[in-house]
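Step one of this worksheet: look at the structure below.
The values are calculated or read from the model by the stated rules, or taken from the named source; none is laboratory data. In this text, all values refer to a predicted model and were calculated from it rather than measured experimentally. Cβ sites come from the backbone with ideal geometry, for glycine too, and all protein chains shown count toward neighbours. Note: accessible area is taken over every heavy atom of the protein model, side chains too, but ligands, DNA and RNA are not part of it. Shrake-Rupley method; radii C 1.70, N 1.55, O 1.52, S 1.80 Å.
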Amino acid sequence: MRTVRRVSPKHHRGARRPRIVFIEPAETQVRTLTLAQTTRLDEALNLIAAAPTDVKPHATASALRDYQHDGIRIIFYATALGSILIVTYVEAD
């Protein structure tokens, strides 16, 4: 008989999404967005949080990721354990 060890949701990596943190200039950029742009940004951040490694690397800095879709651009990097996404740049048209 095989014993199955259950891991609480708190300690299960796959189920937990990373925390998202904005730094300057991204904080300032977010404050200038319209409601429609903010809605699109939130949707994009949810997609990124679900699978940050699926976002293509930035062209000039391999640690950065560069998400571009539907008029939204987000440049970010993840901490070593992937528990925090740090947004460095936001653009919306």
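Things to note:
- Cβ-Cβ contacts under 8 Å between residues 6 or more apart (or on different chains), taken from a first residue in the range 20-33 that is open to solvent by 60 Å² or more (accessible area, probe 1.4 Å) to a second residue that is not β-branched (Val, Ile, Thr), are listed as Pro25/Tyr89.
- Looking only at the range 77-92, and only at residues there that are open to solvent by 70 Å² or more (accessible area, probe 1.4 Å) and either touching a Phe, Trp or Tyr at 6+ places or on another chain (Cβ under 7 Å) or assigned to a loop (DSSP other than H, G, I, E, B) (or both), the one that is farthest from Arg19 (Cα to Cα): Ala80
- Among the residues of the range 52-76, the ones that are in a loop (DSSP other than H, G, I, E, B), more than 22 Å from Asp93 (Cβ to Cβ) and open to solvent by less than 90 Å² (accessible area, probe 1.4 Å) come to 2 in all.
- Apart from one condition, Ala59 fits all of (1) free of Cβ contacts under 8 Å to residues at least 40 places away in the same chain; (2) touching a helix residue (DSSP H, G or I) at 6+ places or on another chain (Cβ under 6 Å); the exception is (2).
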